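Input: a single structure, listed below in structure tokens.
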Amino acid sequence: MFANFSSIALTILGALTWGLLLGGISRSVTARIHGRMGPRVTQNFIDLWKLFRKTSSIHHGGMFWMAPMFRITGAICVLIMVPLVVGQNITYNMSFAGDVFLLIYIMFFGCLGMALGAGNSGHPYAVIAVSRGLAQMSSYELSFSIAVVAIAVGLHTFKIEGIVAAQQAGITSWNIFRFPFASAGALLAFLPMQMAYPFGIVLAPQEIPIGPPTEYSSRMLSFMFSGRALFGVAKLILFVSLLFGGASSWLGLFVKTFLLYMYPVVVSSVFPRFRTEQSIRFLWFIPTTLALVDLVRVML
Amino acid sequence: MYCNQPPEKPGNKKELLEKITNMARANSLWVTAYGTGCGSIELRPLGTSRFDMERFGIAMRPTPRQADVLIISGYLATKTLKRVIRVYEQIQDPKYIIALGSCTINGGMYFDSYNTLNVLDKYLPVDVYVMGCMPRPEAIIDGFSLLMQKIKDGRAHGWKHYKENLDYYRENQKKIITDWDLPDYNW
């Protein structure tokens with residue numbers, strides 16, 4: 001039991017560090033694409049510590065305070081329900097506890113809590129961003145869910161452990177090769193999940209500056225930053241487990257999550273932003289159709 | 001005569017924590033994106049590849065809730081003062097003000113104008129002045145590095161001074177804002 005708890009604690013701490021470091025690297029990469037030097041890769045740690053030590057005197061009701069906790073809780077739940085390294089049972093944490101549908105629900109739960117908190121702040125920009133975010137989320141969740149169902153039906157298991165175990169017979173057994181259309185749909189849905197352009201309509205700095213966290217400051221903002229870093233890593237590990245055969249070693253885990261993280265960063269750097277209706281129309285048609293193709297193929 | 005108090009130990013834990021935090025504060029300055037005067041045109045190039053303020057950890061934030069620094073960019077009109085007070089007081093502590101240009105120091109070319117403030121630090125606590133009309137981006141970066149050094153040394157106390165002497169500042173502010181309808185403090 002103690003080993004299990006310490007493994008979970010180390011997973012959370014490690015994911016937070018890796019998430020913040022990945023954020024720093026992405027800022028540097030984006031800056032280099034712009035032709036700038038950019039900040040140091042540890043900049044996110046510095047920002048987080050500064051925010052944590054700032055005073056806060058802002059109050060907008062109970063939900064406002066609880067929202068970052070919802071997000072962190074959602075991220076931690078996703079994180080500990082996905083096995084990290086295949087074969088090392090200690091890193092499986094709580095992966096026995098639920099299947100992929102529970103994971104999708106918990107991912108939605110974290111974002112929903114955030115939306116309620118941002119709505120409670122009463123700032124018009126936050127409310128606009130929340131309505132955009134929820135509309136977009138229900139669009140990409142559709143294609144992502146269909147892709148997951150296609151994979152699960154094809155492999156005859158909804159357990160994340162089973163999906164990972166089914167991909168251990170070499171690189172060609174990875175789901176990205178066995179279910180190429182569903183994988184393409186899921187990877188297109190990954191862009192709005194990471195709030196990458198052209199789907200960055202939630203934060204949209206030129207229209208609704210910063211969006212949901214407009215009223216958040218100081219320690220609350222530092223919790224939100226931590227939640228975002230944790231959530232980012234949780235989603236990366238989930239996608240690696242679903243599509244890229246899981247990780248057979250720690251090095252494999254870091255390399256795969258790093259490369260997967262760079263995909264929205266690079267796409268984001270070269271694309272302009274969709275309007276809300278363009279984003280939703282795209283997500284309803286292209287990734288959903290791709291995922292459906294594989295679902296139909298598997299069902300037949 | 002003898003001292004019955006134990007000597008204070010230098011470098012105790014709290015001081016060390018504050019020093020580390022000051023290093024973080026100095027290397028992560030978030031600026032409220034609010035231009036009060038003509039000088040804000042010189043702020044834009046700071047984000048470009050030529051000057052790249054992000055390499056010092058300086059970033060623009062669209063909301064005062066998340067900012068640390070307020071830049072008074074050039075002349076401050078009497079009409080703008082009320083908005084600037086609201087923005088400044090909504091920034092969470094610790095917070096700093098950089099004043100750009102001659103206008104904030106002594107009114108500059110608007111020294112005898114009926115609607116421009118002459119000496120900014122009568123109304124708001126200025127941590128760093130950057131002189132010039134207008135200061136170039138290099139000068140603004142120099143101002144930022146001065147502010148960073150002040151924060152690291154623990155000398156950037158403008159926000160404390162403002163709270164301790166709020167009556168003095170309010171009196172001066174109310175001389176300018178005749179239709180005062182702000183609360184006691186804008187949280």
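Here's how it looks for B:Tyr96: its modeled amide H is under 5 Å from those of B:Val69, B:Leu70, which are all 5 or more places away or on a different chain. A Förster radius of 35 Å, combined with the Cβ-Cβ distance separating A:Ile171 from A:Arg297, puts the computed FRET efficiency at roughly 0.95.
Helix A:62-80 sits at what angle to the longest principal axis of chain A, using alpha carbons and giving 0 to 90 degrees rounded to 10? With both axes taken from Cα atoms, the answer is about 30 degrees.
Here's the picture: a label point sits 7 Å out from the Cα of B:Arg44 along the beta-carbon direction, and within the stretch B:128-142 the residues with their amide nitrogen under 15 Å of it are B:137. Projected label points at B:Lys79 and B:Lys122, each 7 Å from Cα along the beta carbon direction, are separated by 2.1 nanometres. Note on B:Lys95: lysines with a C-alpha under 21 Å away, same-chain residues under 8 apart excluded, are A:Lys50, A:Lys54, B:Lys14, B:Lys19, B:Lys82, B:Lys122, B:Lys150, B:Lys152, B:Lys160, B:Lys163. Proximity of backbone amide H atoms, modeled 1.01 Å from N, is registered between B:Met60 and B:Val31 at under 5 Å, excluding neighbours fewer than 5 places apart on the same chain. Annotation: amide H-H contacts under 5 Å for B:Gly37 (H modelled 1.01 Å from N, sequence separation of 5 or more, or interchain): B:Ser73. The 3J(HN,Hα) values that the Karplus relation (6.51, -1.76, 1.60; θ = phi - 60°) gives for the stretch B:92-108 are, in residue order, 7, 6, x, 9, 9, 10, 10, 10, 9, x, 4, 4, 6, 7, 9, x, x Hz. Gly and Pro appear as x.
Using a 10 Å cut-off on Cβ to Cβ distances, tally the other chain neighbours for every residue of A:42-52 and report the average as a whole number. It would help to have the intermediate numbers written out before the result.
Working: counts 2, 7, 1, 2, 7, 6, 2, 7, 13, 6, 2.
For peptide A:42-52, the averaged partner shielding equals 5.
As an exercise, use a Förster radius of 22 Å and the Cβ-Cβ distance of A:Ala9 and A:Gln88 to find the FRET efficiency, rounded to the nearest 0.05. Don't skip to the answer; put the middle values down first.
Values: r = 16 Å, r/R0 = 0.74.
Calculated value: 0.85.
Here the relative contact order of the stretch A:2-299, from alpha carbon pairs under 8 Å that lie six or more residues apart, stands at 28 percent. Phi angles of the stretch B:154-166 translate, via the Karplus equation with coefficients 6.51, -1.76, 1.60 and θ = phi - 60°, into HN-Hα couplings of x, 10, 8, 10, x, 5, 5, 4, 5, 5, 5, 10, 4 Hz per residue; Gly and Pro are given as x. If a spin label sat at a point 7 angstrom from the Cα of A:Glu207 along the line to its beta carbon, the backbone N atoms of the stretch A:184-200 nearer than 18 Å would be those of A:191-200. Centre-to-centre, using Cα atoms only, the stretch B:57-76 and the stretch A:184-212 are separated by 25 Å. Residue-wise HN-Hα couplings along the stretch A:215-225, as the Karplus relation 6.51 cos²θ - 1.76 cosθ + 1.60 with θ = phi - 60° gives them from phi, are 8, 7, 8, 6, 5, 4, 5, 5, 5, 5, 4 Hz; Gly and Pro carry x. Return a whole-number percent for the relative contact order of the stretch A:147-300, with Cα pairs under 8 Å and 6 or more residues apart as the contact set. Relative contact order of the stretch A:147-300: 41 percent. To the nearest Å, what is the center-to-center distance of the stretch A:256-300 and the stretch A:17-66, using C-alpha atoms only? One Cα centre to the other: 26 Å.
Within 10 Å of each Cβ in B:66-78, how many Cβ atoms from other chains are there, averaged over the peptide?
Mean inter-chain Cβ contacts per residue within 10 Å come to 1.
Report, in degrees rounded to the nearest 10, the 0 to 90 angle that the Cα long axis of helix B:137-152 makes with the longest principal axis of chain B. Tilt of helix B:137-152: around 30 degrees. Counting Cβ atoms of other protein chains within 10 Å of each Cβ in B:42-53 and taking the mean gives 2. Output the relative contact order of the stretch A:21-121, whole-number percent, from Cα pairs under 8 angstrom with separation of 6+ residues. Value for the stretch A:21-121: 28 percent.
Would the stretch B:24-176 count as rounded, prolate or oblate if I go by the C-alpha gyration tensor, calling it rounded below 1.5 in a/c and otherwise prolate when a/b exceeds b/c, oblate otherwise? Don't skip to the answer; put the middle values down first.
Values: a/c = 1.72, a/b = 1.22, b/c = 1.41.
Since a/c reaches 1.5 but b/c is at least a/b, the shape of the stretch B:24-176 is classed as oblate.
Here the Debye sum runs over all C-alpha atoms of the stretch B:37-104 as equal scatterers in vacuum, and log10 of I(q)/I(0) at q = 0.16, 0.21 Å⁻¹ comes out as -0.60, -1.00.
Size descriptors for the protein assembly as shown, from the alpha-carbon set: Rg then Dmax equal 25.7, 98 Å.
Readers should treat all values here as calculations from the given coordinates under stated rules, not as data from a laboratory. As the structure is a prediction and not an experimental result, all values here were calculated from the model. In this analysis, Cβ positions are derived from the backbone assuming ideal geometry, glycine residues included, and neighbour counts consider all displayed protein chains.
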